[in-house]
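The values are calculated or read from the model by the stated rules, or taken from the named source; none is laboratory data. Predicted model, so just to flag it, every value in this text is computed and none were measured. Note: ideal-geometry Cβ built from the backbone for every residue, glycine included; neighbour counts use all protein chains shown.
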Amino acid sequence: MESAKSTAKTDVTTEDDSLTSYLYEISVMAKYASQQGKNLSADGFSAKIDKCLQAKEKYDATHESPFPSGVTIQDAIDVHSHLSKIIKPVTFDSLDATKPGFLNINRTIKVIIISTSVSLIFLIIMLFLSENLSGSSYLFKLSKYLKIFLAAWLGAGVYCLWTARHYLIDRTYDPRYNPTYLIRLILGIALGTILGLFGDQLLKQDSEIVRLSQTVMAIIGGFASDAVASLLARVADTLKAFVVGTDKDQIDAETAKAKNREKNSAATLLLDVKSKIAGCKLPEDELKSLMTKIDEYLND
């Protein structure tokens with residue numbers, strides 16, 4: 001008996017939590033739709049929203065179950081679904097991730113903003129220090145590599161923020177892409193550093209780019225990591241072609257093998273034919289001409 005009561009109480013609590021969550025999301029989406037001038041009055045929809053908002057206000061004031069207000073979970077789901085269609089492509093998740101104020105912004109974007117700012121500050125410090133260090137000192141060499149790393153970090157961070165800003169302005173930023181931004185940041189740092197360190201060797205044929213400093217190349221590499229990845233892929237393809245040959249070389253080799261097999265089969269057949277012709281009763285001149293043609297094909 002006690003177990004049945006406990007289970008029933010748990011189910012009621014879960015339903016209350018679900019309804020409360022729906023009502024909160026409805027209030028956020030309804031506020032945004034109203035600010036954007038969306039039409040919410042069609043087919044009495046405005047009255048349904050008001051009913052949900054009143055239930056939420058009552059819950060906020062009393063923290064009692066919102067069910068006595070006359071709003072069911074199905075009612076909330078219907079209103080939530082209709083509001084989602086009205087504000088599309090904006091969603092509740094995107095609204096929640098782009099709330100006004102730096103403290104309310106999506107955590108991943110906040111991390112990228114802070115890390116990009118830190119990389120910029122430290123890069124400025126390293127540029128200042130390197131101007132006052134001797135060119136032969138270990139600290140000077142260390143500062144050189146740190147500048148490249150920080151420059152790549154700065155370029156990668158700027159790209160991520162540049163890409164995300166459109167979604168933040170439109171309030172369509174999808175938190176599901178948080179890992180993508182973090183991966184892009186790490187890739188930008190790695191590939192930008194590679195370009196800064198080895199760009200003069202990878203791009204020997206391009207005199208304009210090679211003239212750029214390593215720090216500038218690292219910033220460009222961090223910002224345009226896709227281009228650096230394509231460059232490395234091209235170098236890898238060249239190396240692969242040098243070791244195992246290109247696809248064309250492999251195709252030509254297979255074609256040549258096929259032709260040799262075909263020619264050997266034909267030669268075997270002709271030799272068999274030649275041996276049989278030799279025993280046939282043909283005019284001597286015709287037999288000699290036929291044998292000559294077979295020999296010419298076999299010797300070709």
Options F122, F102: the member that is loosely packed, with under 13 Cβ neighbours inside 10 Å, free of Cβ contacts under 8 Å to residues at least 60 places away in the same chain and aromatic (F, W, Y): F102
Considering region 216-275, residues that are at pLDDT 70 or above and touching an Asp or Glu at 6+ places or on another chain (Cβ under 9 Å), and then whichever is farthest from A190 (Cα to Cα), we arrive at A241
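Working only within region 199-212, note down all residues that are in contact with a Gly (Cβ under 9 Å, 6 or more places away or on another chain) and either under 18 Å from A156 (Cβ atoms) or surrounded by 15 or more Cβ atoms within 10 Å (Cβ to Cβ) (or both). Spell out the reasoning first.
Keep residues of region 199-212 that are in contact with a Gly (Cβ under 9 Å, 6 or more places away or on another chain), which gives 199, 209-210, 212.
Within region 199-212, G199, I209, L212 qualify.
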Answer with yes or no whether F140 is surrounded by 12 or more Cβ atoms within 10 Å (Cβ to Cβ) and either under 27 Å from L232 (Cβ atoms) or among the hydroxyl-bearing types (S, T, Y) (or both). no
Candidate set: region 225-239, residues that are surrounded by fewer than 19 Cβ atoms within 10 Å (Cβ to Cβ) and aliphatic (A, V, I, L, M); chosen: the one farthest from the chain's Cα centre (by Cα): L239
Quick check: is even one residue across region 158-176 on the phi > 0 side of the Ramachandran plot and touching a helix residue (DSSP H, G or I) at 6+ places or on another chain (Cβ under 8 Å)? yes
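Check region 157-165 and report whether any residue there is touching a Gly at 6+ places or on another chain (Cβ under 7 Å), modelled with pLDDT of 95 or more, in a helix (DSSP H, G or I) and not charged (D, E, K, R). Before you say what the answer is, go through the steps one by one.
Let us first name the residues in region 157-165 that are touching a Gly at 6+ places or on another chain (Cβ under 7 Å), namely 159.
Filter again for modelled with pLDDT of 95 or more, leaving 159.
From the residues that got through so far, the ones that are in a helix (DSSP H, G or I) too are 159.
Applying the additional criterion that residues be not charged (D, E, K, R) yields 159.
Yes, region 157-165 contains a residue that is touching a Gly at 6+ places or on another chain (Cβ under 7 Å), modelled with pLDDT of 95 or more, in a helix (DSSP H, G or I) and not charged (D, E, K, R).
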